[in-house]
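Below: the structure, in structure tokens.
The values are calculated or read from the model by the stated rules, or taken from the named source; none is laboratory data. Quick caveat: nothing in here was measured; it's all calculated off a predicted structure. Here the Cβ is made from the backbone with ideal geometry for all residues, glycine too, and neighbour counts use every protein chain on show. Side chains are part of the model used for accessible areas, which takes the heavy atoms of the whole protein and leaves out ligands, DNA and RNA. Shrake-Rupley method; radii C 1.70, N 1.55, O 1.52, S 1.80 Å.
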Amino acid sequence: MEYLSSFNETGAGMSSTSRETRSSTTLRGQLGLLYAALAVPLLLLQLWWSYHDYRGARERAWDDALAFADAVELAVGQFVDQSGQLLRASAARSGTEWLDSGSCTDDMRALQQVLPFENVLLVTTEGRIVCSAANVSVDASATDWPWFAEWSGAYTIAPAVEADFTGSWIIPLVAPILDSSEGVSGALVGTLPLLELSELLEIRPGERRLTTITDTDGIVIARSTEAERWIGNPLPPSSGSDRTIAPGRSVAEGPDLTGVARTWGQVETDQGWVVYVGVPDAVVFGPAVLEAVWHVGGTLLVVLLAVLLGAWFYTRIAGSLKELATRTRAIEAGEVIPVPSDTPEEVAEVIEHLNDALEGRSRAESGERAARDRFASLFDNAVFGISVSTTDGRFLQVNRALVKMLGYESEEALLSAGPTALFQDSAAREAILRDIVSDDNSTIAPRDVQLQRADGSPIIVRVGGHIRSGPHDDAVFEAIVQDVTEERRRDEQFRQNQKMEAIGQLAGGVAHDFNNLLTVIAGNVELLEDDLDHDDPLRQDLGQIAKATQRARSLTRRLLTFSRPSREGVSVVDLNEVIPELSKMLVPLLGETVRLRHELTDESSTVPIDPGEMEQIVVNLVLNARDAIGNDGEILITSNPSTRSLESGVRQGVEVCVRDDGVGMDLPTQQRIFEPFFTTKPMGEGSGLGLSSVYGIVQRVGGSIEVDSEAGRGTEVRVWFPVLEPARAEGAPAVPTATDGGERVLVVEDDELVRTFVGRALESGGFAVHLTSGGEEALAYVRSSSESVDLVLSDVVMPGMGGRELATALAKEAPLVPVLFMSGYVDGELLDKELEDRPEALIRKPFTVEELHSRVRRTLDGVGDVAFGRKDQTGGIGVGKPDQNRSTLDTDSS
């Protein structure tokens, strides 16, 4: 069972997957998770704590750097301001005097000794150097100094420049000299050596701070270390990150000019200079890092101790568990797990539970195998088809019944073909599949589907089942398949018979009323002809009326033949004699291009049917075949013995087949060919009663008719007749002519026109007639009249008391009076079995005057044992000649 095997393999795969999953959840792994759950939060806590210390150390370093920068800014500012104040005071006190005297070199040198300047110079507003504490070139002029050209006449601290006369870096301080009118007449210039500023920045031994001062142009004007190297050079851009604390105050992180990582404090002085103080990161974070190392190390030590302790407990616990695992491997071999005496109580209890589970598992597996075997037997030996298929068009499994039903050689052949090969139209399968998949209910109600067998022949099956999940979580359809082709054929035949019966009843009702009218018309025409002279010109007109009524009579008889059997003149014919004779007659009607052949059986082919009706069957079928062939083709008539299983038992018969190679018929046409007035011929070329009459005749004689046709491939009509023994093939008795006897006939007819005509016709034959319009009136006449009644001629169907009820009543009132029925509407519910078996007890409308006279005379005279209703000596219903021109009457008939 491949489908079941796939589920078993899936189950095994799930077990393997489960074991693989459990391998990652061992006790060792769980302990590791426990250690991680304890250690990770501790480590994260220590890291957070260390990070908090790191942030505190950095913020403290920023504060220290800014505080030292503020101190440097204050010291440098005071130094420069004091130097500037002294210079301005000297310019104010003696500047004009020095300019006027022109001899002030000694004074300049005296100032140089007192003030912290490298040189002191007196210059005019035109840039002429009046005197200098240091020796200068005779050609030297203040206009050569860049800052002098921009001097505005106010006290100014010029940018750092390299002195022309000493080559050192200086900061010129310019104090204006005012004349008596407060106008600027010159300037006293003091050059402040930058090395003097660097001396202010020198750090104490052991300190690792770095201080640098730049002017407004970013030129280094002072540095705590290597001042000679950096003074006068621009400060490179910072590669670290800056953060502004307040206007003119900020902190930064980044390396110094030598690459040492530092934390910086930056302060801007009143002169526009910037003081940078950097503290090495090693000094800032060293304590914090050391403290973090101690904290993390201590945590790791605690974790390590916990791991060692857990490993000791694991060894103690895992030892017993491993021993248990080793013993449980015996489960796979079907053995009971042994329990050693030294096994811990907890492990022993687990082993006992495992042994119980093993026993239950063994029983479950045995039951599963038995159930699988039973299912396999039911699946393979089921009389109906079973299949398991996927929605994408694959058979997973089929049983032998389905393989045989669909005509495949083996299960493998059907599995290989797949469900799609069973549909002529793939769209039909897709439509069914959509209905199945869209149905919310997993159970699919049975539905009839047309498939095709392996040889391409159609088959109708009833499919039901349900949808379930397959071995790979895909939807599969488990279906029960039944062959209902024959059932559908029987249902279709039953519906066709019901329809034809309903149409027949309608046709019979129409023919009944029409026959009453024809009886009156034809009979009165006949009576008129008897009253006219032989050369009367009216005879020609009456002849035309008689011909028209005869054609109408023929039409109604054909309708009656379709609607209900006619038992008048039933005889038997030998098909081996009738068909060859008909073939000779039909050849001229077919034309030269249509060939007619017959191949008949040598066995007895005597069937109970009127020769004229048999001719009607053959002629209609052959002429229809001719019309289907057209210009060129062949018609073949065959007969073969055939046995049929009827409700009354097995019956021998003969099958007559009329086959042509014409255009054939489609299915809708086949379903309607036996309907009265249905025809495919053009208007005016066919009445549509040919095949309907054939159908009615065949049904009446207890036969059956089948049609096998396909558009473009010709038609085959098969008619089956029951055969009779040769002893029953008797001819019809001779019909005597009426003689005048003067007998009294009681006519019972509800239709006034028919009643009047019948009375006149009987009187013309010499009979005494009394007319009544219904059964009650006729019965009252019999009871009250003193005149004897020799014959009752009664219609079958009348309002109130009908012919049957009247005959039953007369059996008590006048048991010796025979009854002859007349009717234009023959229905099995109106005539009992005796009347059907004795058709001479009924005269069918329309009838001629001569036929009426003959039937009445035969009934009165008992010719052919046709009198209806006499009881025999045994008390049963019988027929026979009446005594003294009378017959007893009894009706248990219906």
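For Ser152, state whether it is loosely packed, with under 12 Cβ neighbours inside 10 Å, closer than 24 Å to Gly232 by Cβ and not aliphatic (A, V, I, L, M). Walk me through it before giving the result.
Details: loosely packed, with under 12 Cβ neighbours inside 10 Å: yes; closer than 24 Å to Gly232 by Cβ: no; not aliphatic (A, V, I, L, M): yes.
In short, no.
For Leu667, indicate whether it is within 51 Å of the chain's Cα centre (by Cα) and not β-branched (Val, Ile, Thr).
Details: within 51 Å of the chain's Cα centre (by Cα): yes; not β-branched (Val, Ile, Thr): yes.
When the stated conditions are applied, Leu667 passes them.
Within the stretch 805-825, track down each residue that is assigned to a helix (DSSP H, G or I) and either in contact (Cβ under 8 Å) with a residue 12 or more places away in the chain or among the polar types (S, T, N, Q) (or both).
Taking the stretch 805-825 as the starting set, the residues that turn out to be assigned to a helix (DSSP H, G or I) are 805-813.
Of everything in the stretch 805-825, those that are assigned to a helix (DSSP H, G or I) and either in contact (Cβ under 8 Å) with a residue 12 or more places away in the chain or among the polar types (S, T, N, Q) (or both) turn out to be Glu805, Leu806, Ala807, Thr808, Ala809, Leu810, Ala811, Glu813.
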Kindly indicate whether any position in the stretch 822-835 is within 17 Å of Leu746 (Cβ to Cβ), at pLDDT 85 or above and crowded, with 20+ Cβ neighbours inside 10 Å.
yes
Residues of the stretch 111-145 being open to solvent by 10 Å² or more (accessible area, probe 1.4 Å), over 21 Å from Leu194 (Cα atoms) and among the aliphatic types (A, V, I, L, M), in sequence order, are Ile129, Val130, Val138, Ala140
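Show me the strands (runs of 3 or more DSSP E) entirely contained within the stretch 735-804 in which 1 or more residues are open to solvent by 10 Å² or more (accessible area, probe 1.4 Å). Give the steps one after another, and end with the answer.
Numbers: elements: 744-748, 768-772, 791-795.
Of the strands (runs of 3 or more DSSP E) lying wholly inside the stretch 735-804, those with at least 1 residues that are open to solvent by 10 Å² or more (accessible area, probe 1.4 Å) span 744-748, 768-772.
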Of the residues in the stretch 460-509, those that are modelled with pLDDT under 75 and of a type in the set (Val, Ile, Thr) number 1
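Here's the yes/no breakdown for (1) aromatic (Phe, Trp, Tyr); (2) touching a residue at least 40 places away in the same chain (Cβ under 8 Å); (3) surrounded by 19 or more Cβ atoms within 10 Å (Cβ to Cβ); (4) under 24 Å from Leu689 (Cα atoms):
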site	(1), (2), (3), (4)
Gly591	no, no, no, yes
Asp602	no, no, no, no
Gly612	no, no, no, yes
Glu615	no, no, no, yes
Val619	no, no, no, yes
Ala625	no, yes, yes, yes
Of the residues in the stretch 609-636, those that are within 15 Å of Val572 (Cα to Cα) and in a loop (DSSP other than H, G, I, E, B) come to Ile609, Asp610
Considering only the stretch 156-163, I want to know if a residue exists there that is crowded, with 17+ Cβ neighbours inside 10 Å, of a type outside the set (A, V, I, L, M, F, W, C) and not in a loop (DSSP other than H, G, I, E, B). yes
Conditions (1) open to solvent by less than 70 Å² (accessible area, probe 1.4 Å); (2) farther than 26 Å from Ala69 by Cα; (3) hydroxyl-bearing (Ser, Thr, Tyr) -> Ser198 fails only (2)
Exactly one of Ala57, Ala91, Ala71 is at pLDDT below 80 and small (Gly, Ala, Ser), and that residue is Ala57
Taking the stretch 633-659 and the residues there that are polar (S, T, N, Q) and touching a residue at least 40 places away in the same chain (Cβ under 8 Å), the one that is surrounded by the most Cβ atoms within 10 Å (Cβ to Cβ) would be Ser639
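Give the stretch 688-707 a look and list any residue that's open to solvent by 20 Å² or more (accessible area, probe 1.4 Å) and more than 19 Å from Phe678 (Cβ to Cβ), or say none. Lay out the reasoning, then the answer.
Narrowing the stretch 688-707 to residues open to solvent by 20 Å² or more (accessible area, probe 1.4 Å): 691, 699-702, 704, 706-707.
If the condition is that a residue be open to solvent by 20 Å² or more (accessible area, probe 1.4 Å) and more than 19 Å from Phe678 (Cβ to Cβ), then Arg700, Val701, Gly702, Ser704 are the ones that fit.
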By residue number, the members of the stretch 407-426 that are closer than 22 Å to Val484 by Cβ and out of contact with any Gly (no Cβ under 8 Å at 6 or more places or on another chain) are Gly407, Tyr408, Leu414, Ala417, Ala421, Leu422, Phe423, Gln424, Asp425
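Out of all the residues in the stretch 660-683, is one or more part of a strand (DSSP E or B) and crowded, with 18+ Cβ neighbours inside 10 Å? Steps first, answer last, please.
Step one: filter the stretch 660-683 for residues part of a strand (DSSP E or B), giving 660.
Filter again for crowded, with 18+ Cβ neighbours inside 10 Å, leaving 660.
Checking the stretch 660-683: at least one residue is part of a strand (DSSP E or B) and crowded, with 18+ Cβ neighbours inside 10 Å.
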Here, helices (runs of 4 or more DSSP H) confined to the stretch 322-440 with at least 3 residues that are open to solvent by less than 80 Å² (accessible area, probe 1.4 Å), at pLDDT 75 or above and of a type outside the set (D, E, K, R) are 345-381, 400-406, 411-417
Of (1) part of a helix (DSSP H, G or I); (2) at pLDDT below 75, Glu850 satisfies every one except (2)
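Look at the stretch 111-139 and say how many of its residues are touching a Gly at 6+ places or on another chain (Cβ under 7 Å) and part of a loop (DSSP other than H, G, I, E, B).
Going through the stretch 111-139, the residues touching a Gly at 6+ places or on another chain (Cβ under 7 Å) turn out to be 115, 117, 120, 122-125, 130.
Remaining after also requiring part of a loop (DSSP other than H, G, I, E, B): 115, 117, 125.
Counting residues in the stretch 111-139 that are touching a Gly at 6+ places or on another chain (Cβ under 7 Å) and part of a loop (DSSP other than H, G, I, E, B) gives 3.
Residue-wise test of (1) open to solvent by less than 50 Å² (accessible area, probe 1.4 Å); (2) touching a Leu at 6+ places or on another chain (Cβ under 9 Å); (3) charged (D, E, K, R).
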position	(1), (2), (3)
Pro236	no, yes, no
Arg243	no, no, yes
Arg249	no, yes, yes
Trp273	yes, no, no
Val277	yes, yes, no
Ala292	yes, yes, no
Leu300	no, yes, no
Val303	yes, yes, no
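With Glu577, Glu581 as the choices, which residue is at pLDDT 70 or above, within 30 Å of Gly630 (Cβ to Cβ), acidic (Asp, Glu) and over 60 Å from the mean Cα position of the chain (by Cα)? Reasoning before the result, please.
Numbers: Glu577 fails: within 30 Å of Gly630 (Cβ to Cβ).
Going through Glu577, Glu581 in turn, just one is at pLDDT 70 or above, within 30 Å of Gly630 (Cβ to Cβ), acidic (Asp, Glu) and over 60 Å from the mean Cα position of the chain (by Cα): Glu581.
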For Val267, the lone unmet condition from (1) closer than 28 Å to Val114 by Cβ; (2) at pLDDT 80 or above; (3) open to solvent by less than 80 Å² (accessible area, probe 1.4 Å) is (1)
